[in-house]
1. Mind checking the full-extension length gain between Ser234 and Lys82? Use 0.36 nm per residue of separation minus the Cα-Cα distance, one decimal, nm.
2. What share of Cα pairs, in percent, lie more than 30 angstrom apart in segment 2-245?
3. Please report the net charge: other residues with Cβ closer than 13 Å to the Cβ of Leu46, K and R +1, D and E -1.
4. Have a look at Ser146, Ala34, Gly20 and report the one farthest towards the positive end of the charge dipole of the chain, computed about the Cα centre with Cβ charges (Lys/Arg +1, Asp/Glu -1).
5. Apply 1/(1 + (r/R0)^6) to the Cβ-Cβ distance of Lys208 and Lys151, taking R0 = 22 Å, and write down the FRET efficiency to the nearest 0.05.
6. So, counting K/R as plus one and D/E as minus one, what does the shell of residues with Cβ under 12 Å around Lys250 add up to?
7. Calculated from DSSP H runs of 4 or more alone, at -39500 (n - 2.57) each and per residue, what is the 222 nm mean residue ellipticity of the chain, nearest 500?
8. Which peptide among 83-93, 27-37 comes first, and what is the full order, when sorted by highest mean count of other Cβ atoms within 10 Å?
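What follows is calculated from the coordinates using simple rules that are stated; it is not laboratory data. Model, not experiment: these values are computed from the prediction. For neighbour counting, all protein chains shown are included, and Cβ atoms are generated from backbone atoms with ideal geometry for every residue, glycine included.
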Amino acid sequence: MNAERLLENKVCLVTGCNKGIGKAIVKKFAQQGAIVFAIARSENSLDELCKELSARYSTQVISLYFDITDHQKCKEAIIKIKKEFRTLDILVNNAGKVSYEILGMVNFTELREMFEVNVVASINLMQLASKLMMRQNSGSIINISSLVGEKGTKGQLGYSATKGAVIALTKSASKDLAKYNIRVNTLAPGMIETERFQKIMEENFQDKVKDIGFGRLGQASEVADACVFLGSDSSGYITGQVIGIDGSLKI
């Protein structure tokens, strides 16, 4: 069984792991044999999950607690990985901040904070991770964008702008890093059934399911499956791509 696991012994760093898509990614990576460093802000929020996954899948799932906008803490995390494993195979920039507002209601303090989390922190971690990946001449960076970053949507101007930036930085970084055999791709989920989205949907988007061709919300595990593919050797010649996970959502 272990020989068939797609991420066997690959060292991974995943941000935003205490719920939703990030939590699903950690579970799938562990199931596929990866060694996972899982980042969250809330102290001790991942301890039980990491212990459970490590035992169940005979791997190591290690929790790290800090705010990804703290560049020094990010650097320390990469140094820790280098010291303990001397390699980093996969980075998943999943942590994100979301807002809902039309143009006339944009709060610029919140907008700047959202760019710091969704864009600046991702660039910083890509820069740090890629330095380690360059030495090994391999690696996969997976950025989580959104369908709204590609298509835009009414009532989410600021969030759409940050996720559009994630798509742009992915494409540019893929060109910078191709000569080092480092792949950089982004996933653009549509309406995914996470704890956070369920609450927002009940308040604002109950009628939107009818706009999904598949007739249902996507599952966080389905986004995680795509991350497994992009992190594995099965996607060895894929870089600079935006992969939609939206069930044929009309937007």
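1. Values: separation 152, 0.36 × 152 = 54.72 nm, distance 2.48 nm.
Length gained between Ser234 and Lys82: 52.2 nm.
2. Working: 6357 of 29646 pairs.
Of all Cα-Cα pairs in segment 2-245, 21 percent lie more than 30 Å apart.
3. Working: positive: Lys19, Lys23, Lys27, Arg41, Lys51; negative: Glu43, Asp47, Glu48, Glu52.
Spelling it out: positives minus negatives among the neighbours equals +1.
4. Ala34
5. Numbers: r = 14 Å, r/R0 = 0.62.
For R0 = 22 Å, the calculated efficiency reads 0.95.
6. Details: positive: Lys151, Lys208, Lys210; negative: Asp211, Asp246.
Taking every other residue near Lys250 into account, the sum is +1.
7. Details: 9 runs with 106 residues, N = 251.
Calculated at 222 nm, the ellipticity per residue is -13000 deg cm²/dmol.
8. On the way: 83-93: 20.7, 27-37: 24.3.
Result, highest mean Cβ count within 10 Å first: 27-37, 83-93.
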